[in-house]
Amino acid sequence: MNAKITAAEAKNCLCGCGQTVSAKASYRSGHDAAHCSMLLQGLVNEVADGRPITKALIAQEAKNLPSAPLQAKFRNAAERLMAKVAADEAKAVKKMEANA
Ligand SMILES: [Zn+2]
């Protein structure tokens with residue numbers, strides 16, 4: 001049996017940090033949370049670019065995560081973000097109305 005570790009047995013950490021993980025792992029320790037944060041930051045950037053966060057977008061981004069618990073964590077955070085954006089918009093509209 002050949003004990004040499006081939007490139008196929010080590011793979012890159014899913015967060016995109018460039019470090020390798022064993023074939024059984026998806027992430028370096030703690031990098032699953034980092035990946036989640038990165039995807040959330042992507043949503044923040046969408047908002048900054050004037051695009052709305054939709055449930056479809058959240059579902060699409062969640063597919064980048066390898067496990068159901070992680071996807072659920074991301075969806076919860078994304079939905080909180082979506083609610084915050086909506087609240088901020090409502091506040092901005094009120095401010096505009098007050099200044100009109
Ligand atoms: Zn990583």
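The values are calculated or read from the model by the stated rules, or taken from the named source; none is laboratory data. Quantities reported herein were computed from a predicted structural model and do not represent experimental measurements. For neighbour counting, all protein chains shown are included, and Cβ atoms are generated from backbone atoms with ideal geometry for every residue, glycine included.
If you go through segment 1-17 and pick out every residue that is farther than 20 Å from L70 by Cβ and either modelled with pLDDT of 95 or more or within 16 Å of the ligand (Cβ to nearest atom) (or both), you end up with 1. Looking only at segment 5-19, decide whether some residue is touching a helix residue (DSSP H, G or I) at 6+ places or on another chain (Cβ under 8 Å) and of a type in the set (D, E). Checking segment 5-19: not a single residue is touching a helix residue (DSSP H, G or I) at 6+ places or on another chain (Cβ under 8 Å) and of a type in the set (D, E). Between D49, D32, the distinction of being within 13 Å of the ligand (Cβ to nearest atom) and of a type in the set (D, E) belongs to D32 only.
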